[in-house]
Amino acid sequence: MADRVSVTIRIGGSLPRALLADFIAAIEGEALTDPLGEYFSMAHITGFGPLELAADEVAWGRLETLEAFCIDNRLPFERWCGSYPGSWEAERIVFDGAADPRSYTVTDNDIVVVTEPEVRSLGTFEAVSAYLQSASLTLPPLTIVDDGEQGHG
């Protein structure tokens with residue numbers, strides 16, 4: 001049986017209406033809820049902020065189908081997963097909608113950790129500061145757009 005932990009994901013950007021059914025299927029396939037434990041409904045996409053979802057007991061702390069959908073469709077996201085003692089540390093994945101997703105070691109409270117080897121590699125306080133800033137996105141609201149409308153993310 002897979003190691004299982006809690007996860008959260010925040011998703012923003014412009015989702016073409018033609019992809020909405022696939023997006024919903026990915027969310028439902030991951031059995032995600034809102035932060036209060038209610039299963040996803042269209043009412044959660046308000047257009048005023050990123051979509052926030054969570055789940056407990058997620059195999060390896062990954063939302064592979066949903067993350068792949070977001071990457072393929074350039075929807076920026078941040079995903080956190082808790083640590084699993086003896087197997088992995090807590091992690092934050094950041095995808096800005098353009099570059100490859102980036103992984104950061106974090107605490108179980110989602111605070112970015114910079115290890116001694118990383119500090120030595122980065123070399124300066126300014127570089128460490130830039131690294132820490134790159135671990136957080138200001139996600140745009142998740143909006144549904146009609147086909148042909150401008151923009152993803």
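Those residues that are without any contact (Cβ under 8 Å) to a residue 24 or more places away in the chain and loosely packed, with under 15 Cβ neighbours inside 10 Å, I need them from region 16-60; list them, please.
Initial filter on region 16-60 (without any contact (Cβ under 8 Å) to a residue 24 or more places away in the chain): 21, 24-25, 28, 33-34, 36-44.
21, 24, 25, 28, 36, 37, 38, 39, 41, 42, 43, listed by residue number.
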Query raised in the report: Of these, 118, 57, 52, 78, which one is in contact with a Ser or Thr (Cβ under 9 Å, 6 or more places away or on another chain), assigned to a strand (DSSP E or B) and farther than 30 Å from residue 145 by Cβ?
Result: 57
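Looking at region 6-44, which of its residues are small (Gly, Ala, Ser) and not in a loop (DSSP other than H, G, I, E, B)? Outline the logic, then answer.
Of all residues in region 6-44, those small (Gly, Ala, Ser) come to 6, 12-14, 18, 21, 25-26, 29, 31, 37, 41, 43.
Result: 6, 13, 14, 18, 21, 25, 26, 29, 43.
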Query - Unique residue being farther than 23 Å from residue 132 by Cα, within 13 Å of the chain's Cα centre (by Cα) and not charged (D, E, K, R) when the list is 20, 36, 15, 66 - result: 66
Report task. For region 88-106, indicate whether the set of residues that are within 19 Å of residue 17 (Cα to Cα) and polar (S, T, N, Q) is non-empty. Result -> no
Query raised in the report: Restricting attention to region 80-111, which residues are modelled with pLDDT of 95 or more and either farther than 19 Å from residue 10 by Cα or among the aliphatic types (A, V, I, L, M) (or both)?
Result: 93, 94
Report summary line: Scanning region 60-75 for residues that are aromatic (Phe, Trp, Tyr) and either part of a loop (DSSP other than H, G, I, E, B) or within 11 Å of residue 6 (Cα to Cα) (or both) gives 60
**Report entry** Extreme residue, nearest to the chain's Cα centre (by Cα), among residues of region 98-135 that are surrounded by 10 or more Cβ atoms within 10 Å (Cβ to Cβ) and acidic (Asp, Glu)
**Finding:** 110
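Across region 74-119, what is the total count of residues that are of a type in the set (D, E, K, R) and under 19 Å from residue 138 (Cα atoms)? Lay out the reasoning, then the answer.
Here is the first cut: in region 74-119, the ones of a type in the set (D, E, K, R) are 74, 78-79, 89, 91-92, 96, 100, 102, 108, 110, 116, 118.
When the remaining residues are screened for being under 19 Å from residue 138 (Cα atoms), the result is 74, 78-79, 91-92, 96, 100, 102, 110.
Going through region 74-119 one residue at a time, the tally reaches 9.
The values are calculated or read from the model by the stated rules, or taken from the named source; none is laboratory data. Because the structure is a prediction, the values reported are computed rather than measured. Ideal geometry is used to build each Cβ from the backbone, glycine not excepted, and the neighbour counts take in all protein chains shown.
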